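Structure, as C-alpha cells:
What follows is calculated from the coordinates using simple rules that are stated; it is not laboratory data. Since this is a predicted model, take the numbers as computed values, not measurements. Counting neighbours? That spans all protein chains shown, and the Cβs are built from the backbone with ideal geometry, glycine included.
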Amino acid sequence: DVGIMPPPKAPLPFYEQRKQLQMRKTQDILKNKIISRPDRQLLIEHNILSDTTAAPAIQK
C-alpha cells in the first residue's frame, strides 16, 4: 500500500482504480470529520481551548 510502483502481478488499470478509490475514501473521511468538528465555544466549555481576550487577528 505504501509503495509508489504498482505490484508486478496486478493489472495497471486495476491498480489505478484502487488507488483512486482509496483517495476518495480518505477525502470523504476527512470531509466528514471537518463537518462534524465542534465549534470554538464548545471547545472552550470543555476546557480544550482557553478563552482569550486577544484580538481575533492575533489569535490566528
Would you pull out the residues with amide H under 5 Å of L49's amide H, same chain only if 5 or more places away, H placed 1.01 Å from N?
I44
According to a simple spin-label model (label point 7 Å from Cα along Cα-to-Cβ), what is the distance in nm between E16 and I34?
2.7 nm
Give the angle, between 0 and 90 degrees and rounded to the nearest 10, that separates the Cα long axis of helix 12-35 from the longest principal axis of the Cα atoms of the chain.
10 degrees
Would you calculate, for the chain, the mean residue ellipticity at 222 nm contributed by helices, counting each DSSP H stretch of 4 or more residues as -39,500 (n - 2.57) and dividing by all residues, to the nearest 500?
-17500 deg cm²/dmol
Hey, what D do you get for the chain in µm²/s if you plug the Kirkwood alpha-carbon radius into Stokes-Einstein at 25 °C and 0.890 mPa s?
158 µm²/s
